[in-house]
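Just below is one structure, and these are the notes that go with it.
The values are calculated or read from the model by the stated rules, or taken from the named source; none is laboratory data. As the structure is a computational prediction, the values presented were derived from the model and not from experiment. A quick note on method: Cβ atoms are made from the backbone with ideal geometry, for glycine too, and the neighbour counts reach across all protein chains shown.
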Amino acid sequence: MAMSSSTIVSTLPDAGAVSVRTVERVLREGCPLLNVESPPGAGKTALVEALLVSAVGVAGLRAAVIAPHAEQTYGLLRRVVSHYGPLPLALLQSAQRELPPDLLDDQRIPRPVSEPRRLPGVGPLALVATADKLLFESAVPELGKFDLLICDEAYQLTYSKLAPLLRLTKQTVLVGDPGQLPTLVTIPVHRFETAPHRVHWAAPRELKRCLPDLPTERLPVTRRLPQDTVAFIQQPFYPNLPFSSAVYGEDCRLQFAVRGNNSVIDRALDLIAAGCSIVCLLLPGENAPAGIVDYELSEVAAEVIARFLARQPIWQGRMPLDANHVGYADAHVASGEQTAQMLRSRGVPTDKTQVLTPEIWQGLERPFMAVKHPLSGLNRLSTFDLEPGRFCVMLTRHQLGCVIVGRESIGERLAQHQHTCGERPFGAENSEWAGWQAHYVLWERLREEARLIKLSNTYY
Amino acid sequence: MSLSGARGLARISQNPRCDLQTAMVIGQVDEIEFYEALTKRQFEGEYGERISARRRGNKFEASLHQNNAAELRRILAPRFGYDPERMYVRNLADEIPDYMTEVHRNRYVRMMRVFADVAGGYEPPSVPHLLIEPQLRLPVSDSRFVYVAPDFAVFEPATKCYVVGEEKSMIVRAGSPDRVDLERTRRQAGAEALALRLLGDQLNLFERVRDRAIFVFSSPFDITPHQPVEEYLHAEVSEIRRALERYRAVSEELQVYGKEDGKKVVARAHQLGINFQNSCLSSCALFYNCKDRVSNTAVVLGDEAKDAFGGTTELEHLYALADGTVEAKSAEEGALAVRLRETAILLGVEDLCSGKG
Amino acid sequence: MGADFDLLSGRLWSRRLGRALPIRSTYSVTPDPPETFGIAFIRVAGEERVQAVACGLIGTRPSVITIYNPLARGAHELAPFARTLDEYLTGYYSREQLPRIWLAHPAAVTVLDLLGYRYQSNRHASDELRMMGQQCRALCEEATFPGQQVLAVASTLLMEHIITGQSAVEDQHLGALLAWINPLKGCDPAIESQRRSLIPAAALLDQARDKQVERLRRLARKCTSSSELESTNSQIRALLEEGVAQEWSLLEEARAAFWQLGLAPAPLRYTSRLMEESRERLRYFVSVGTKPPSRPHSLALRLDTYEYMAALVEERDACCDALVRERMRKAGRVIAVRVESVEQPTPGRNPCRLILTTDQAVLRVRPGTWLKSVDGRIQGWIVALAEGAGGKRRIVFRLLKGVRKGRPRVGQQFDMIDTVTFDLRWRKRAVYKLMRQDEPSVVYHNRLPQSLPRHELPNGLLDLAEGKSWR
């Protein structure tokens, strides 16, 4: 049964009101530091745009917008110039970096500057840069100060990168998704976990720890995920961020031009078409191979995608779907590559149906996704494996439906998981427990809602 | 190393699939005697706590508890907003010394009375701010209990309930004590936190009792205490719950219920399943004995090898796959054989596999 | 199956072979200087206090110091150790060279570190002992840095360089580990390893000796005559000397086993930076102190340094060590590429793009990843990744270094690695200095600044912003 609420329309939280409130709190009330938490697909970049245009275009402020990756800054620039009239924009980036071709050709995009001395000295300004670049230039006097610093994708930025920038600005707004993958730190962090300042943590997370009364706004809806999906992911991945779907049932309907052949896979696809946006196909757990690469499971994943495409899917009211509209997520590169080979052997072009890790899927979306359960095939679940952000990213890329593939033994592994009680630093939060809980809650929910579908070894 | 109380449960929780260890804990066997009875050999390794370590532990605890727990009051008071000089302390070890009969039960009764007062809405100073050696228990059958004794319990104003505490003389350096010691202590505290929760549940205190503990360890300087650290112990409590389930199951299966059944445990030891794993080395006298039992399987190379190759996979089978003298039964086995040979080449020992496959 | 699989299957092969197998082809530390210092301890279990220490230049007879009553205040007995250590370290500072200190195992590091904590600011200790404390802390603080070249912990180094046919937990006992590295002829190393594991190798006396010493100390407290006391103390001394001699032997055996692995040293151009960093840090720690970073700027700088050092280590390994490089290749961190074409409008000048192809199945790179060739001549970043024909991958690569003479030709094949080190700490230091000076209240005082309302703004800000929209 699809988990759609008939009360969505009447009880839909007003996402627009949150945007208005955010702009008012920042610009009129002058809130010095505001944290905006956003579920996936909630329109955080639209909020960033609106705030930037309000600040610079209306209030005449000098503002900077930073994001962790260059691609994110380019995405913001594309949106701002497409959606709004001329703004005093500037792009600060390394001289060694090239703009993508579409931005190079676009006259509305300012030519990047690599040094602050080339920026306009006075007057309203919307400066766009990566966090690293702004940090690098922040000691240069010519950079000056800002009235407002907006940080997009704030949960992908470490506190060590944000903290030095706070001296440059009177006000700061952080916008981010708390359910995503944690920031990448390449060294053991034990010493830093017990330090007075957790500089390796995501910036909003550390600020919330230090400032329990940190002003916060929460975007209340997702415009990407169906309500059925929200019902599954809310509790395990966003326990402190209640949200619902702004997608009406009719707007996220999948239809197949070709009838199913009554195989288990086709029945799972039919469930998705009926509105059950997340379905899990499970191969038997006994005699499952040890290790990350599971050939049989890769076959299942490839078959799911191949069957999806073979049945000529249509996004009702929008468009027919093809290989470009499908994606596959696998937490392990080697395992993903195995599936990619099997997709190619079935004629599915993997330059269109991309097979990527969750780290790369972050920020992207597809109408239909297939994912390999990150715990499938593991006998022992480490803190790394249990990291909930990974699975959260995998389960929040789809707009219509997502098929999870895995081994039945996942449930057993979760139930029998032996917690390591000595690994976490003294006094630190138990992220292994938090991750285990998230996975366990989600698995139980899938089980209770009859979304766990067993495949025999001959599932055709 | 003791197998009683919280320590015994902590041991089971580290390896709940080892029925042999669980039976040893239930039967409260002497580990060395057990080893010698089982193996018919003298135990050659080192066993038990060093004199100096035990002395330090006693000294540390004494320094915290002397003068009406003056030092413990001093370090805990700021955390809870108390005036250390006005904290009311009860020491159940003083009230009911160890030499008395039914010590655990009697101390537990007193603990229940304190908790009943708390449930009745009493707060300090009507109930103690600080309890030294409170007694708690965990049920292992309808009529049997494992008694656990936190080193202290302190009343928290915010929840109007007690939080258990552990004192250990291990040294905190760069923010952390030794990992193995920390794990053991956390598990013990988990047993105590669970016992407190069960007592609280009996008295409808539910939400007021949380799965946490306060740890007082030592600084590097003599026996000066490090500042207390509070931790949530959800994982540890979960592990202890599982340990209790195994305790009950093995107890029923073997019909062993306590110390009086120690000989029965010894008699049936050979029939009991083991679960050899890395943590056995630092916790169990039978490590090498059990290692012998699994010496021809992948698990002898460690937990990670067990995960990669499968715990019951025989080493000879893996060599035969790599040699090609045995056919791979699946695509994965075929890939495994290839990878084993590749590693042999990488490490310069390709002569070890004849590569017939 | 990931790269770790090689290490796991390495254990399998080591077991079959009956000896340890090297898992690196180069050493991770530079060769020992002509004079290398060793320290071996016997500690009091639980207290972690020194009751015996053997120290000195390795290859010579060590100085042995025993302490009758290690729990007493004022450990003047350690003064000879303090002098010997200081002499060694000072000699190396004055020659601007890098000292090298060997310890047997992590337990010895703990004892050294605690010695440091207890003496570095001890008002009751002499200047000499306080200096000893500072030096011990400095050494242990330096040991936390990836790639450091000062403190060599034998068991840790051995485990980084070889794999045995037993489990990793058993390897942590140095004696058990050595049984696999230097197996006895005709003896199964697994059995010998088990035998050796019965002898403590963690800076402790064996239990029997330990009990004896404890008994003798109790006796000593009750002695009524000086001759009786001297006799008791000399028995204590003899037991401690035996114990610490055993630890010193273990240290020497482990060090010898390490250098007898016969691996190649990494080229100087990859290790000189690591050595320089180690030397400068040690000098700084000894002179300024080793208070752990606790403020945002110092923590941020420490994080940057750890990450930079880890990147240097990875770069060294990927470029110099064939075995490590192959393991990195399986993990997708090293890519074998072929140059398919070159796009360079002006020969010898920027911009220059290479179209590279690889048929490696596992790639852990994406657009934006920096790559460089193993020989370091070529460096740049990935502009785009695409599927090519026949399962190959096509990489559009923006070349930044190697644009002129070293520019690869079409058809050329080479390895590229994703570890490209940039030392931006010089700039970050300036940034952090300003942060420290300005002390933003949010960062340093967990306090929000005052709100700055703008009453003059018109109503309906968002509507006004929307009014600028073209949608």
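How many residues does the stretch C:284-322 contain that are outside any helix (DSSP H, G or I) and either touching a helix residue (DSSP H, G or I) at 6+ places or on another chain (Cβ under 9 Å) or of a type outside the set (G, A, S) (or both)? So the answer is 7. Out of the residues in the stretch B:322-335 that are over 22 Å from C:A20 (Cα atoms) and of a type in the set (A, V, I, L, M, F, W, C), which is farthest from the other protein chains (Cβ to nearest Cβ)? For the stretch B:322-335, the residue satisfying everything is B:V326.
Residues that are within 14 Å of chain B (Cβ to nearest Cβ) and of a type outside the set (G, A, S) within the stretch A:425-448 comprise A:P425, A:F426, A:E429, A:N430, A:E432, A:W433, A:W436, A:Q437, A:H439, A:Y440, A:V441, listed in sequence order.
Just checking, which of A:G249, A:G260 is assigned by TED's automatic domain parsing to the domain that holds A:L321, touching a Gly at 6+ places or on another chain (Cβ under 9 Å) and either among the acidic types (D, E) or surrounded by fewer than 21 Cβ atoms within 10 Å (Cβ to Cβ) (or both)? Even if it seems obvious, please write down each step before you answer.
Numbers: A:G260 fails: touching a Gly at 6+ places or on another chain (Cβ under 9 Å).
Going through A:G249, A:G260 in turn, just one is assigned by TED's automatic domain parsing to the domain that holds A:L321, touching a Gly at 6+ places or on another chain (Cβ under 9 Å) and either among the acidic types (D, E) or surrounded by fewer than 21 Cβ atoms within 10 Å (Cβ to Cβ) (or both): A:G249.
In the list B:S52, B:S13, B:S63, which residue meets the criterion of being of a type in the set (S, T, N, Q), in contact with a strand residue (DSSP E or B) (Cβ under 9 Å, 6 or more places away or on another chain) and under 20 Å from B:S282 (Cβ atoms)? Even if it seems obvious, please write down each step before you answer.
Numbers: B:S13 fails: in contact with a strand residue (DSSP E or B) (Cβ under 9 Å, 6 or more places away or on another chain); B:S63 fails: under 20 Å from B:S282 (Cβ atoms).
Checking each option against the conditions leaves just B:S52.
On the basis of being surrounded by fewer than 23 Cβ atoms within 10 Å (Cβ to Cβ), away from chain B (no Cβ under 14 Å) and within 27 Å of C:P367 (Cβ to Cβ), does A:I453 make the cut?
Working: surrounded by fewer than 23 Cβ atoms within 10 Å (Cβ to Cβ): yes; away from chain B (no Cβ under 14 Å): yes; within 27 Å of C:P367 (Cβ to Cβ): no.
Against the criterion (surrounded by fewer than 23 Cβ atoms within 10 Å (Cβ to Cβ), away from chain B (no Cβ under 14 Å) and within 27 Å of C:P367 (Cβ to Cβ)), A:I453 does not qualify.
Residues checked against (1) of a type in the set (A, V, I, L, M, F, W, C); (2) surrounded by fewer than 23 Cβ atoms within 10 Å (Cβ to Cβ):
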{"site": "B:Y122", "(1), (2)": "no, yes"}
{"site": "B:L131", "(1), (2)": "yes, no"}
{"site": "B:P134", "(1), (2)": "no, no"}
{"site": "B:R144", "(1), (2)": "no, yes"}
{"site": "B:P150", "(1), (2)": "no, no"}
{"site": "B:T159", "(1), (2)": "no, yes"}
{"site": "B:R173", "(1), (2)": "no, yes"}
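The single condition among (1) in contact with a helix residue (DSSP H, G or I) (Cβ under 8 Å, 6 or more places away or on another chain); (2) assigned by TED's automatic domain parsing to the domain that holds C:Y92; (3) not acidic (D, E) that C:S227 does not meet is (1).
Given the criteria among the aromatic types (F, W, Y) and either assigned by TED's automatic domain parsing to the domain that holds B:I32 or within 30 Å of B:E156 (Cα to Cα) (or both), does B:Y319 qualify?
Values: among the aromatic types (F, W, Y): yes; either assigned by TED's automatic domain parsing to the domain that holds B:I32 or within 30 Å of B:E156 (Cα to Cα) (or both): no.
So B:Y319 does not fit the description; no.
Select from the stretch A:166-195 the residues that are in a loop (DSSP other than H, G, I, E, B), farther than 19 Å from A:P39 by Cα and either hydroxyl-bearing (S, T, Y) or at pLDDT 95 or above (or both) and list them in ascending order.
The initial filter retains those residues of the stretch A:166-195 that are in a loop (DSSP other than H, G, I, E, B), namely A:177-189, A:194-195.
Filter once more, so that each one left must be farther than 19 Å from A:P39 by Cα: A:184-189, A:194-195.
Result: A:T186, A:T194.
Yes/no per residue for (1) farther than 21 Å from A:A273 by Cβ; (2) in contact with a Pro (Cβ under 9 Å, 6 or more places away or on another chain); (3) part of a loop (DSSP other than H, G, I, E, B):
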position	(1), (2), (3)
A:P204	yes, yes, no
A:L214	yes, yes, yes
A:E217	yes, no, no
A:L225	no, yes, yes
A:V230	no, yes, no
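Tallying residues that are under 22 Å from B:A62 (Cβ atoms) and touching a residue at least 12 places away in the same chain (Cβ under 8 Å) within the stretch B:86-102 yields 10. Listed by first and then second residue, the pairs with beta-carbon distance under 8 Å, at least 6 apart or on different chains, first residue in the stretch A:140-152 and within 18 Å of C:L434 (Cα to Cα) and crowded, with 23+ Cβ neighbours inside 10 Å, second modelled with pLDDT of 95 or more and not hydrophobic (A, V, I, L, M, F, W, C), are A:L149/A:T169; A:L149/A:Q171; A:L149/A:T172.
Filtering the stretch C:33-68 to residues that are crowded, with 21+ Cβ neighbours inside 10 Å and part of a loop (DSSP other than H, G, I, E, B) leaves C:A45, C:G46, C:E47, C:E48, C:P62, C:I67.
Do we find that A:N287 is assigned by TED's automatic domain parsing to the domain that holds A:L414, among the polar types (S, T, N, Q) and modelled with pLDDT under 95 in this structure?
Details: assigned by TED's automatic domain parsing to the domain that holds A:L414: yes; among the polar types (S, T, N, Q): yes; modelled with pLDDT under 95: yes.
Spelling it out, A:N287 is indeed assigned by TED's automatic domain parsing to the domain that holds A:L414, among the polar types (S, T, N, Q) and modelled with pLDDT under 95.
Conditions (1) touching an Asp or Glu at 6+ places or on another chain (Cβ under 9 Å); (2) more than 18 Å from B:V265 (Cα to Cα); (3) surrounded by fewer than 15 Cβ atoms within 10 Å (Cβ to Cβ); (4) free of Cβ contacts under 8 Å to residues at least 12 places away in the same chain, marked per residue:
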{"position": "B:G8", "(1), (2), (3), (4)": "no, no, no, no"}
{"position": "B:S13", "(1), (2), (3), (4)": "yes, yes, no, no"}
{"position": "B:P16", "(1), (2), (3), (4)": "yes, no, no, no"}
{"position": "B:F43", "(1), (2), (3), (4)": "yes, yes, no, no"}
{"position": "B:R54", "(1), (2), (3), (4)": "no, yes, yes, yes"}
{"position": "B:N58", "(1), (2), (3), (4)": "no, yes, yes, yes"}
{"position": "B:E71", "(1), (2), (3), (4)": "no, yes, no, no"}
{"position": "B:I75", "(1), (2), (3), (4)": "no, yes, no, no"}
{"position": "B:P84", "(1), (2), (3), (4)": "no, yes, no, no"}
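Checking each residue in the stretch C:430-469 for being more than 7 Å from chain A (Cβ to nearest Cβ) and more than 30 Å from A:L135 (Cα to Cα) picks out C:H455, C:E456, C:P458, C:N459, C:G460, C:D463, C:E466, C:G467.
Which ones in the stretch A:166-212 are surrounded by fewer than 18 Cβ atoms within 10 Å (Cβ to Cβ) and more than 8 Å from every other protein chain (Cβ to nearest Cβ)? Within the stretch A:166-212, A:P182, A:L184, A:P188, A:R209, A:P212 qualify.
The single condition among (1) surrounded by 20 or more Cβ atoms within 10 Å (Cβ to Cβ); (2) polar (S, T, N, Q); (3) over 41 Å from the mean Cα position of the chain (by Cα) that B:T343 does not satisfy is (3). Which of the residues spanning the stretch C:143-190 are assigned to a loop (DSSP other than H, G, I, E, B) and within 12 Å of another protein chain (Cβ to nearest Cβ)? Matches in the stretch C:143-190: C:A143, C:T144, C:F145, C:P146, C:G147, C:T164, C:G165, C:Q166, C:S167, C:Q172, C:H173, C:D188. Evaluating C:R404 against the criteria (1) within 7 Å of another protein chain (Cβ to nearest Cβ); (2) assigned to a loop (DSSP other than H, G, I, E, B); (3) out of contact with any Leu (no Cβ under 8 Å at 6 or more places or on another chain) leaves one unmet condition, (1). For the stretch C:181-207, the tally of residues that are at pLDDT below 95 and farther than 30 Å from C:G18 by Cβ stands at 1. Restricting attention to the stretch B:35-61, the residues that are closer than 30 Å to B:D222 by Cα, assigned to a helix (DSSP H, G or I) and touching a helix residue (DSSP H, G or I) at 6+ places or on another chain (Cβ under 9 Å) total 3.
Determine if the stretch B:189-212 includes at least one residue that is at pLDDT 95 or above, in a strand (DSSP E or B) and within 28 Å of B:A116 (Cβ to Cβ). Scanning the stretch B:189-212, I find at least one residue that is at pLDDT 95 or above, in a strand (DSSP E or B) and within 28 Å of B:A116 (Cβ to Cβ), so the answer is yes. Just one of the listed residues (B:F221, B:F309) is touching a helix residue (DSSP H, G or I) at 6+ places or on another chain (Cβ under 7 Å), of a type in the set (F, W, Y) and over 30 Å from B:A62 (Cβ atoms), namely B:F309. For the stretch B:224-281, which residues satisfy the criterion of being touching a His at 6+ places or on another chain (Cβ under 9 Å) and on the phi > 0 side of the Ramachandran plot? None - no residue of the stretch B:224-281 is touching a His at 6+ places or on another chain (Cβ under 9 Å) and on the phi > 0 side of the Ramachandran plot, so the list stays empty.
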